[in-house]
1. In the range 108-153, which residues are open to solvent by 40 Å² or more (accessible area, probe 1.4 Å) and hydroxyl-bearing (Ser, Thr, Tyr)?
2. All but one of (1) modelled with pLDDT of 95 or more; (2) under 27 Å from ALA194 (Cα atoms) hold for PHE90, so report the exception by its number.
3. Can you pull out every residue in the range 190-201 that is among the acidic types (Asp, Glu) and either in a loop (DSSP other than H, G, I, E, B) or within 14 Å of LEU98 (Cα to Cα) (or both)?
4. Could you list, in sequence order, all residues of the range 132-189 that are under 17 Å from PRO224 (Cα atoms) and in a helix (DSSP H, G or I)?
5. Identify all residues within the range 154-172 that are open to solvent by less than 60 Å² (accessible area, probe 1.4 Å) and in contact with a strand residue (DSSP E or B) (Cβ under 7 Å, 6 or more places away or on another chain); write none if there are none.
6. Just checking, does the range 114-125 include any residue being out of contact with any Cys (no Cβ under 8 Å at 6 or more places or on another chain), over 18 Å from CYS217 (Cα atoms) and either among the basic types (Lys, Arg) or not in a helix (DSSP H, G or I) (or both)?
7. When the residues of the range 212-223 are filtered to those that are in contact with a Phe, Trp or Tyr (Cβ under 6 Å, 6 or more places away or on another chain) and not in a strand (DSSP E or B), which remaining residue is most open to solvent (accessible area, probe 1.4 Å)?
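The values are calculated or read from the model by the stated rules, or taken from the named source; none is laboratory data. This one's a predicted model, so the numbers in the text were calculated from it and none came from an experiment. So basically every Cβ, Gly included, is an ideal-geometry build from the backbone, and we count neighbours across all protein chains shown. Heads up: the accessible areas ignore ligands, DNA and RNA and are worked out on the full protein's heavy atoms, side chains in. Shrake-Rupley method; radii C 1.70, N 1.55, O 1.52, S 1.80 Å.
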Amino acid sequence: MKNRFSLSNLGIGWSANRRILVIAVTLVSLLALAGVTAYVTGRNGQGYSSADPTPSTPHSPASSAPSSKEPGTETGSVPRPPRISDPLAFAKAAAEMLWSYDTRDTSREQQLAGMEAWMTKESEYGDWASVSAQMPDPTLWSRMADQRQHATATGAEARYPVAFKQALAEDPSAITEAYIYAVTVTGKQTIAWAKGGGGAEDRSVTLAVQCRPSADCFLVAIAPNVAP
């Protein structure tokens, strides 16, 4: 029996509302209304999987931009956020981080701490619940660790969703309140577990990232739907 942890089993609802350009409070409301779920079963599930053969899941710090420093004991194998101000490059690195993990040397608490380090420090905008909900519960993480489950991820493309670009074209100044960008990332996740088991699947997710001028980017939220 296979349990799957999903990062996105999604549609296009989140980015359709141009208010995500103006204030993340609205973004958080949209996420709440959309009902972000931590676990999704079925072929389209994305994220952490159980340790049974035939799963699909995230790990490894394969970021497309340099990290500020190497992972530490408090965050296990989770990479530090890269110190960059480009929303597309940061979102790709964040997606790779979210699709990556290694239960062989990283505890669930370390994984959560590593993920939280990527979050915006502006609490009125960040939606940690939409990010932390992606983690398997302690029992499932333990099962994964028993099977030495780990995964790496590579982001292939990062782009601004169509609705986001249209909204920005209509009102370029709208983004200047919170500087929150919607970015859709596609890529591939490769998973392995004990006794030579493994597999790979395509991944996609829409993230909200905050990139203020002349400042490092941070993660704001995971959207409940993948925006085209």
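1. SER123, THR139, SER142, THR152
2. Every listed condition holds for PHE90 apart from (2).
3. Across the range 190-201, there are no qualifying residues.
4. SER132, VAL162, ALA163, PHE164
5. Answer for the range 154-172, where residues must be open to solvent by less than 60 Å² (accessible area, probe 1.4 Å) and in contact with a strand residue (DSSP E or B) (Cβ under 7 Å, 6 or more places away or on another chain): GLY155, ALA158, PRO161, PHE164.
6. No - not one qualifying residue is present in the range 114-125.
7. The selected residue is ARG212.
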